[in-house]
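**Student:** First, the structure itself, so that you have it in front of you.
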Amino acid sequence: MTEPIERRCECCGRTFACGGYACWCGSVAVTERQSAWIAARYDDCLCPLCLAQMSAAALDENRPKTSSGA
């Protein structure tokens with residue numbers, strides 16, 4: 001197994017550790033609809049806080065894709 005790498009959240013700009021295929025994000029419960037919503041708006045990983053917020057919220061279908069640090 002490789003060491004986690006530091007990544008920057010595409011949603012909020014925070015840095016966080018990514019474990020690749022053994023990452024913490026695999027334990028976050030997201031529905032298929034939530035996963036599709038996230039994938040339509042972000043091209044890269046989200047931090048634990050942003051992913052947790054999105055998995056717990058009703059997602060706004062009209063929310064545009066945001067750039068890093070927004």
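Throughout, read-outs are computed from the coordinates displayed, never taken from laboratory work. Quick caveat, the model's predicted, so the values are computed rather than measured. Glycine gets a Cβ as well: all are built from the backbone with ideal geometry, and neighbour counts include every protein chain shown.
**Student:** Hey, what do the phi angles of the stretch 16-33 turn into as Karplus ³J(HN,Hα) couplings, whole Hz, using 6.51/-1.76/1.60 and θ = phi - 60°, x for Gly and Pro?
**Tutor:** Calculated HN-Hα couplings, in order: 7, 8, 10, x, x, 5, 10, 7, 4, 5, x, 9, 8, 7, 10, 7, 4, 5 Hz.
**Student:** What does the net charge come to around residue 18 if you take all other residues with beta carbon closer than 15 Å to its beta carbon, with K and R at +1 and D and E at -1?
**Tutor:** After counting each charged neighbour, the total is -2.
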